[in-house]
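One structure below.
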Amino acid sequence: MPVDAKPETLDVVVVGAGFSGLYLLHWLRKDGFAVHVIEAGDDVGGTWYWNRYPGARCDIMSLDYSMSFDPQLQQEWHWPERYSAQPDILVYARHIAERFDLRRDISFGVKVTAATFDEGSDRWTVEGDDGRRWNARHVIMATGCLSVPRIPDVPGLEDFRGDWYHTGDWPHEGVDFTGKKVAVIGTGSSGIQSIPVIAQQAAELTVFQRTPNFSVPAWNGPMDPAFEAEHKAHYDELREVTRWSAGGYLVEDNNDPARHLPREEIEAELERRWQQGGFSLLGAYGDIMTDLEINAIVVDFVHGKIREKVKDPAVAELLCPKDHPFGTKRLCVDTGYYETYNRDNVSLVDIRKAPIETITPTGIRTAQAEHDFDVIVFATGFDAMTGAILNVDFKGRQGASLREKWAHGPRSYLGLMVSGFPNLFTVTGPQSPSVLANVITAIEQHVEWICDCINHMRDRQLSHIEARKDAEDKWVDHVIALGDATLYPQANSWYMGANIPGKPRVFMPYVGGCGTYRKVCDQVAAENYRGFELAS
Ligand code: N01
């Protein structure tokens, strides 16, 4: 379509067709809004469309890591495993698209490049990279928090004669590692999930580790039919519990401090929770994330587990995280990760000691040695939380640029709206619980709040909603103060923007918990959208 052709006129443009975009489309269309979703990929699924690396699976129980909005869907859907694998989650996303007939209002294979607000009409013009334009009252960014893969700036990659991949942009046809010499760079969740699977196939696997991470066992397995039946018999009540919980998932949370308990008692409780697997360990005591001495007990406990599992003591020491408190980088959940280092075909390179200097045509050269590879896998993470939003050149009121506004870190009111950018919503945006929660719970809460808000505006014939600057400043200060009261800022994590050279170092998620946050959002709406300007 020529660029000067008239843009399509809509009520709402949604960017992204992951779980957020699908749910927004379903809800808004049902309420009679003209809504269109624009998606960069060729299919629905978002994170689960792109992250197809071997071993990719959710690390919150699938019965929890799933949409709750349709009682029939949640009763009918069967998850084959406790933590379902990426292909099963993608099948589920596709099923939602079919079941609610969503595809007809989605444009696939189009990237939104720019969006400009017109104050005269209170409407946005949204531009796609195919030259198409849409004119809408509202724009909703449903682009996910971990959707812009990041390849580090290592020289020489363009000359590498083998194949290379990023875990977050994995080839749809899969990769056969049989007989290959493989390098994996990065030991975050994606590395920790993929390394055990790649090791089983590759001739040789070399892991390049900059920072070791804490990982707890998933104890994944096939879905137990009795457990599933019992869960489904109480699904509605259980969903309600998750909505008001801190993490947005079912876990045995204990808010009591461990400070005055005997060490043996604390260790026994950690052991019990280790045997439960997943995030249970984080919920053992209320002061793990605030009291360095209590946190150190958990650190010692996990170090002990690593030393038990890994036979070579030198390798075990390298795998023990010592530069950040437990839980301050996203906790990983694994299946056989540490044990993988006992395999003869797996080796670990400490690139903190011997940094990668260059990628050569045949492999990787560190400060200490040259290694030859057929394949390099980058498990090097994402431009988290802000990357996908800032990939769109937003121009708000008086032509203000969002990129300029966020140059020193994201600023939003409730992680939902940004002052100066009316009628623009962000699902699971920075300064909301998002990445610290079961993201599906966080998505549903945001989508429902946003849709209620848009309905509220239509009912009152309002054309403009905007976060007030004073409300935004207060919220950002509150989020930072909550973060500062924890140990989180002590780690160089992507929560802090620390994984991207030059990115402002600001703690981005809201750490006060899903339930508390939900209450705040509900109160704001009930008080006629306190902190927002609404106008016709
Ligand atoms: O990325 P990461 P990820 N040279 O940023 C290393 C979610 N997720 O894709 O720690 C060498 O965590 C980097 O080292 P360092 C989950 O929220 C969920 O693994 O910066 N190494 C680190 O080891 C997760 O937290 C699931 O020193 C470099 C790694 O690469 C988030 O996505 C599964 C480097 C990046 O780890 C991101 O996880 C997967 C460089 N220049 C992901 N740059 C589930 O289970 C970076 N690294 C649901």
Looking at the stretch 353-373, can you tell me whether even one residue there is in contact (Cβ under 8 Å) with a residue 60 or more places away in the chain, touching a strand residue (DSSP E or B) at 6+ places or on another chain (Cβ under 7 Å), part of a loop (DSSP other than H, G, I, E, B) and under 14 Å from GLY191 (Cβ atoms)? no
Tell me, which residue of the stretch 343-356 that is of a type outside the set (A, V, I, L, M, F, W, C) and within 15 Å of the ligand (Cβ to nearest atom) is surrounded by the most Cβ atoms within 10 Å (Cβ to Cβ)? ASP350
Can ARG411 be described as touching a helix residue (DSSP H, G or I) at 6+ places or on another chain (Cβ under 6 Å) and basic (Lys, Arg)? yes
Would a scan of the stretch 504-524 turn up a residue that is surrounded by fewer than 18 Cβ atoms within 10 Å (Cβ to Cβ), part of a loop (DSSP other than H, G, I, E, B), among the basic types (Lys, Arg) and modelled with pLDDT under 95? yes
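Results for (1) within 20 Å of SER280 (Cα to Cα); (2) away from the ligand (no atom under 13 Å from the Cβ), shown as yes or no for each residue.
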position: GLY188; (1), (2): yes, no
position: GLY191; (1), (2): no, no
position: VAL197; (1), (2): no, no
position: PHE227; (1), (2): yes, yes
position: HIS234; (1), (2): no, yes
Just to check your reading of the model, which residue among GLY120, GLY174 is away from the ligand (no atom under 16 Å from the Cβ) and under 24 Å from the mean Cα position of the chain (by Cα)? GLY174
With respect to THR340, determine if the residue is within 16 Å of the ligand (Cβ to nearest atom), buried (at least 17 other Cβ atoms within 10 Å of the Cβ) and touching a residue at least 40 places away in the same chain (Cβ under 8 Å). yes
Need pairs with beta-carbon distance below 9 Å; first residue surrounded by fewer than 20 Cβ atoms within 10 Å (Cβ to Cβ) and within the stretch 166-194, second assigned to a strand (DSSP E or B) and of a type in the set (Phe, Trp, Tyr); sequence gap 6+ or separate chains. PRO171/TYR165; VAL175/TYR165
Go through the residues of the stretch 194-211 one by one and say whether even a single one is of a type in the set (S, T, N, Q), assigned to a loop (DSSP other than H, G, I, E, B) and touching a His at 6+ places or on another chain (Cβ under 9 Å). yes
Any residue in the stretch 3-24 that's closer than 15 Å to PHE117 by Cα and acidic (Asp, Glu): show its pairings with residues that are at pLDDT 85 or above and surrounded by fewer than 17 Cβ atoms within 10 Å (Cβ to Cβ) at Cβ separation under 7 Å, as long as the two are six or more apart or on different chains. ASP11/ALA34
Given the conditions (1) at pLDDT 95 or above; (2) surrounded by 14 or more Cβ atoms within 10 Å (Cβ to Cβ); (3) within 16 Å of the ligand (Cβ to nearest atom), and given that VAL154 satisfies all but one, which numbered condition is not satisfied? (1)
Suppose we filter ILE288, ILE359, ILE306 for residues that are more than 15 Å from the ligand (Cβ to nearest atom) and over 28 Å from CYS145 (Cα atoms); which single one remains? ILE306
Contacts under 7 angstrom Cβ, first residue in the stretch 311-322 being loosely packed, with under 13 Cβ neighbours inside 10 Å, partner of a type outside the set (Lys, Arg), 6 or more apart: LYS311/ASN342
Show the residue pairs that are 6+ apart or on different chains and have beta-carbon atoms under 6 Å apart, the first residue being within the stretch 374-392 and free of Cβ contacts under 8 Å to residues at least 24 places away in the same chain, the second being more than 7 Å from the ligand (Cβ to nearest atom). LEU390/ARG403
Being on the phi < 0 side of the Ramachandran plot, surrounded by fewer than 17 Cβ atoms within 10 Å (Cβ to Cβ) and aliphatic (A, V, I, L, M) narrows it down to one of LEU270, LEU281, LEU261, so name that one. LEU261
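The values are calculated or read from the model by the stated rules, or taken from the named source; none is laboratory data. Given the structure is predicted, the values throughout are model-derived calculations rather than measurements. Virtual Cβ from ideal backbone geometry, glycine too; neighbours counted across all protein chains shown.
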